[in-house]
Amino acid sequence: MKKHIIIGSIICLATLLIFIAFWGQLPTDVPIHFDSAGNANSTLPKPAVVFGIPVICALLNLVSGFTLIKKQEKRTFMYYIIPVVAIIIAVVVLVLAL
């Protein structure tokens, strides 16, 4: 099961490549929260988004993965929920920021 944690963490960190590919197109302050009218009301600096999201997702994946091992979880897909969410977050942030 540890191999699933490693693979999942690599997937989380691979979202960094997605962000770096769009580095030049991202605004200096990337919108991360919107009000009900669709106006951005919260932003983060570009480096915080590009490097922070993949690292935070990888750390969450490690914590959740070892928790799953401790609980002796046999369902393999459980180890890949956070990596899938990391990819979705990266795509959504890029779509909304560009």
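When Rg and the Kirkwood Rh are both derived from Cα coordinates, the Rg/Rh ratio for segment 1-58 amounts to 1.11. Computed from the C-beta positions of Ala37 and Ile88, the FRET efficiency with R₀ = 25 Å rounds to 0.60.
Note that the chain presents 62 Å² accessible area per residue, ligands and nucleic acids not counted, probe 1.4 Å. Computed over the chain, the per-residue total of -39500 (n - 2.57) for DSSP H runs of n ≥ 4 gives a 222 nm mean residue ellipticity of -22000 deg cm²/dmol, rounded to 500. Distances between every pair of Cα atoms in the chain, grouped in 10 Å steps from 0 to the bin holding the largest one, split as 16, 42, 26, 14, 2 percent.
The values are calculated or read from the model by the stated rules, or taken from the named source; none is laboratory data. Just so it is clear, the structure is predicted and the values come from calculations on it, not from any experiment. Glycine also receives a Cβ, built like all others from the backbone with ideal geometry; neighbour counts cover every protein chain displayed. Quick note on the areas: whole protein, heavy atoms, side chains included, nothing else; ligands and nucleic acids left out. Shrake-Rupley method; radii C 1.70, N 1.55, O 1.52, S 1.80 Å.
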